[in-house]
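The values are calculated or read from the model by the stated rules, or taken from the named source; none is laboratory data. None of these values were measured; they are calculated from a predicted model. Methodologically, a virtual Cβ is constructed for each residue, glycine included, from the backbone with ideal geometry; neighbour enumeration extends over all protein chains shown. Quick note on the areas: whole protein, heavy atoms, side chains included, nothing else; ligands and nucleic acids left out. Shrake-Rupley method; radii C 1.70, N 1.55, O 1.52, S 1.80 Å.
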Amino acid sequence: CEVFEINGEIAQVQVSFKTSDSQKLIEDVICILEAHDVFYDGNDFADKKSEEAERRNTALVIRVFSSGFLISLIAAVNVFNTISTNLILRKRDFAMLASIGMTENQKRRMLYYECQSCVIRAILWGGAAGIGVLMLIKRTFSLVIEEAALIPWHAIVVMAAGTFVIVALTMRYSLKRLENEALISVLR
C-alpha cells in the first residue's frame, strides 16, 4: 500500500481482504503500518464478519426482549381478567357479607389481604421454580462458558414489585365496579 500525494493533499487507499482470521490480519496490517510510519486511525479498519455477527446478536436481543415483553403483557392481562372475573362471580358472597354488617372498608381490606397472600405464594413458588430453571440453564452453559451462577436478585425484586402493582390495580378496578352495583338486590 502506498499513500499518494495529489495536489498537495494525501489520498487515502482502501484495501479489502478476505480471511478466516480477521483479528490476526488487522494486527498484522497495524504492525506493517507502524513499521512504515503510516498514519492510521483506529476506526479505519472494518471487520465485516464481526459487524454481521454484532447485527445478528442485536437482532436476537431485540427478539428476545420483545417476546419477553409480549409474554409479560399476556400474563398481566390474564391476571387482570382472572381477578376481576373472580370478584364479579363472588357478588352473592359480598352481598351476604354486607347483609350481616360488613362495611365497604372491611370488605376492601379482606380482599387486599386475600390478594396479597395469593401474590406472596405465587412469588415464592414462581421465584423458586425460576431460580431452579436458572441454575439448570447456568449449569448447562457452564460446560461451554466459565461464568459464576449468580442469582439476579434485582430482577426478582422488580418482578415481585410489578406483580404486587398489577394485582393492586386489578383489585382497585374490580372493587370500583362492584361499588357501582347494588349488591343487596343480588340476594333477591
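Does region 39-59 contain any residue that is open to solvent by less than 60 Å² (accessible area, probe 1.4 Å) and at pLDDT 80 or above?
yes
Taking the condition modelled with pLDDT under 85, open to solvent by less than 50 Å² (accessible area, probe 1.4 Å) and assigned to a helix (DSSP H, G or I), does Ser174 pass? If you could, list the steps in order and put the result at the bottom.
Values: modelled with pLDDT under 85: yes; open to solvent by less than 50 Å² (accessible area, probe 1.4 Å): yes; assigned to a helix (DSSP H, G or I): yes.
Yes, satisfied.
Go through region 81-112 residue by residue and tally those that are of a type in the set (D, E, K, R) and without any contact (Cβ under 8 Å) to a residue 12 or more places away in the chain. It would help to see each step written out before you state the result.
Within region 81-112, the first condition is being of a type in the set (D, E, K, R), and the residues that meet it are 90-93, 104, 107-109.
If we keep only those that are without any contact (Cβ under 8 Å) to a residue 12 or more places away in the chain as well, we get 90, 93, 109.
The qualifying residues number 3.
Quick check on my filter: what residues within region 93-146 are among the β-branched types (Val, Ile, Thr), at pLDDT 85 or above and exposed (fewer than 11 other Cβ atoms within 10 Å of the Cβ)? Break it down stepwise before answering.
Step one: list which residues in region 93-146 are among the β-branched types (Val, Ile, Thr), which gives 100, 103, 119-120, 123, 131, 133, 137, 140, 144-145.
The next check asks that each one be at pLDDT 85 or above; those that pass are 100, 103, 119-120, 123, 131, 133.
Scanning region 93-146 gives Ile100, Thr103, Val133.
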